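Take a look at the structure below.
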Amino acid sequence: MNTQDPFIIAGRTFNSRLMIGTGKFPSNDALHQAIEASGA
């Protein structure tokens, strides 16, 4: 696998392999801040 290869799930192509779940965040605002900080 080349890290430049696209990541495809169910026909959708993603440029990042970072998956962020919603269960550990106390609020939607905290989730959005984490996503922004990750650069994903």
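None of the figures in this text is laboratory data; all of them are computed from the coordinates on show. Note that the structure is predicted; figures quoted are calculated from it, not measured.
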From the list [x] 10.4, 29; [y] 11.3, 36; [z] 12.4, 35, can you say which value of Rg and Dmax of the Cα atoms in Å was derived from the structure given? [z]
When the helices in the chain are scored as -39500 (n - 2.57) per DSSP H run of 4 or longer and the sum is shared across all residues, what 222 nm value do you end up with, to the nearest 500 deg cm²/dmol? -8500 deg cm²/dmol
Using alpha-carbon coordinates, inclination of helix 28-38 to the longest axis of the chain, degrees: 40 degrees
